[in-house]
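Bear in mind that the values in this text are calculations on the coordinates, not laboratory data. Note that the coordinates shown come from a computational prediction; the quantities given were computed from them, not determined experimentally. Ideal geometry is used to build each Cβ from the backbone, glycine not excepted, and the neighbour counts take in all protein chains shown.
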Amino acid sequence: MSTLEIRDLHVEVETESGPKEILRGVDLTVNSNETHAIMGPNGSGKSTLAYSIAGHPKYTVTKGQVLLDGEDVLEMAVDERARAGLFLAMQYPVEVPGVSMSNFLRSAATATRGEAPKVRHWVKEVKGAMSDLEIDPAFAERSVNEGFSGGEKKRHEVLQMSLLKPKIAVLDETDSGLDVDALRVVSKGVNEYKSQSDVGILLITHYTRILRYIAPDRVHVFVNGRVAASGGPELADELEENGYERFVGAFGADKEEQPA
Amino acid sequence: MTQPVAQTGGGTTTAPGAPVLDVDPGIKTAGSPKLAPWELRFTSYDVEAFEVPRGREEQWRFTPLRRLHGLHDGSASADGRIEVSVRTGFGDAAGDLTGSGTRHETVGRDDARLGDGGIPADRVAAQAWSSFTEAHVVTVNEARSDDEPLTITVGGPGAGATAFAHLQLRLEHHAQAVVVLDHRGSGTVAANTEFVVADGAKLEVVEVHDWADDAVYVGAQHLSVGRDATIRHTSVTLGGDLVRLSPVINYRAPGGDVELDGLYFADGGQHFEQRLLVDHSVPNCRSRVMYKGALQGVEGGTAAHTVWIGDVLIRKAAEGTDTYELNRNLLLTDNARADSVPNLEIETGEIVGAGHASATGRFDDEQLFYLMARGIPEAQARRLVVRGFFGEVIQKVRVPALRDRLEAAIEAELEVVGV
């Protein structure tokens, strides 16, 4: 049983005209076996929340706490957070030329598991996970994300999650840029990992489409750097119907730069 | 995103990992002003035909002349000699020279074959030519197996001594060989190295400069490409106080195919300079250039400095030319400077393709974040990225034991700054 607690989180980012506050007091708790959807308009700070949890150096936490099972996540380096059991499926996975996917996956698994996985077992495990996500085995020898299509990148993000077995996974717009078939495959991969583990999921999305495939237990509306409303799955239906108008009107939103 | 840190010459400079620029701001067409150095290119075997460089000349503006120990102004005297050995195999597996069609001769200045590769185009190369007393000629007149690479070891004259060297590697008609040209040791050397590759022959050569810290090496590489001949030349510079290499590709007939790869790793105080000229003078030849460098300076010390000049000339007669050149530099620390100047001059529009790209950047923080976000510790993540950066060049080296040595050398370089 794990818990990710976000308490009154304030985050700012450096801009040309000085620091700018993006997160303005986020409160959120995600437990094992729970799926929380975070929905909000562009520029509301959803991605900033994801990157702040993972520890991207671009974002400065000015106030608040992030705790994983009571441990202070903000004190940890990026790699320590991952080894503690946090995972971020990125909206824009980074290309790393010259580093093969297989080498990368093995390095990451070795780091998060604390020891190198046994070769025979590992090869089988990777093959199985790739096949579940309908990834051509040839990708193992390609450079990390290099020349991958949007859908291929997202499948590989989910592949990494299933191999690194995090306690809490943050999926940042994993549905963006996917066609229906790719969305189905990626969702299946997420559900597969949910069923095999106790993972708690923070599913960040702009559209309700993915929620038809990955059922949320809780839905949070994110506006202007904080949670504006929370509810059950029915809240997603209301958003589908009426959009963010009601919440944006109440809180106002301004544009946020997405991390590239 | 990482920021561009430098912009040089006709090339653009962006962070590593950024899209390679495919447009050519540096292209000079027949109608644009002619400023390229080859318009003024002068060649001669005679050192006195060249002015003593003062440092402002285009050819010398990046080179710290004071560190040349007089190679450039006639004050250096030949008080040492290089040691050359030719063996079969590489590393621990090297043994006596085998192959009935391969031989190593030491010849005098009057040997008629000398100069087949090309003519000196700068004063130091001409000084070497005017001053050498014996030349080494290695001839391959057979198709050697890839499993039997030749290793030519060139040892420096020793600390404080100076040598003028001349070496020619000849591949006769339809010959094939994989060659490691391994430079080591101390001292000051000015050299001409000729690669004369006859019609239909295929040479794969890795030229390694792994000199001791004191060494100064200024070398001109003359590559002569016969009809339908193939050359894969990989230049590796790892050690030395100052290493300056000037490879020139001379296509002698149509159908030549040349790939020039390079890998250099400069530490604080080191000056590594590469000046390439690919002279497409005949039709239907191909060239590919891919040089990659990493630099790491030491705080408070002299900067690590690399220079890469990539001149590609497509002359009017060279219809059907297909060329692309790329230089990338990775600045691992502060106190490092990478100059990168690709030049492409095209005198005919009837070509298959021509392009160039240059990118110099700091370590890509986004790549580092991505790897670390998967639990990989920072030091290991940095190594993965640097290994990946050089991987493209190292993978093409056909001698497994040499690949291992290059990978180990890069690891050792990274250890130095605790990356």
>> With only alpha-carbon pairs counted, each pair once and no self-pairs, how large is the Kirkwood hydrodynamic radius of the protein assembly as shown in angstroms?
In response: 27.8 Å
>> Sort A:10-23, B:154-167 by the packing proxy (mean of other Cβ within 10 Å over each peptide's residues), most packed first.
In response: B:154-167, A:10-23
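Determine the shielding of peptide B:379-391 by partner chains: average, over its residues, the number of Cβ atoms on other chains within 10 angstrom of each Cβ.
The shielding value for this peptide is 4.
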>> Let me confirm the definition first: pairs of Lys residues in segment B:27-416, 8 or more apart or on different chains, C-alpha distance under 20 Å. How many are there?
In response: 4
> Under the classification rounded if a/c is under 1.5, otherwise prolate if a/b is larger than b/c and oblate if not, where does segment A:175-232 fall, given a ≥ b ≥ c as square roots of the Cα gyration tensor eigenvalues?
Replying inline: oblate
> For segment B:27-416, with the dipole built from +1 on Lys and Arg beta-carbon atoms and -1 on Asp and Glu ones, taken about the Cα centre, which of B:V179, B:H233, B:G160 lies farthest toward the positive end?
Replying inline: B:H233
>> When the expected Rg is taken as 2.2 N^0.38 Å, what fraction or multiple of it is the alpha-carbon Rg of segment B:27-416?
In response: 0.95
> Where the convex hull is taken over the Cα atoms of segment A:138-241, what is its projected area averaged over directions, in nm²?
Replying inline: 7.6 nm²
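Helix-only estimate, please: 222 nm mean residue ellipticity of chain B, summing -39500 (n - 2.57) across DSSP H runs of length 4 or more and dividing by its residues, to the nearest 500. Mind showing how you got there, number by number?
On the way: 4 runs with 52 residues, N = 419.
It comes out at -4000 deg cm²/dmol, rounded to the nearest 500.
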> Which whole number gives the average, over all residues in B:335-345, of C-beta atoms from other chains lying within 10 Å of the residue C-beta?
Replying inline: 0
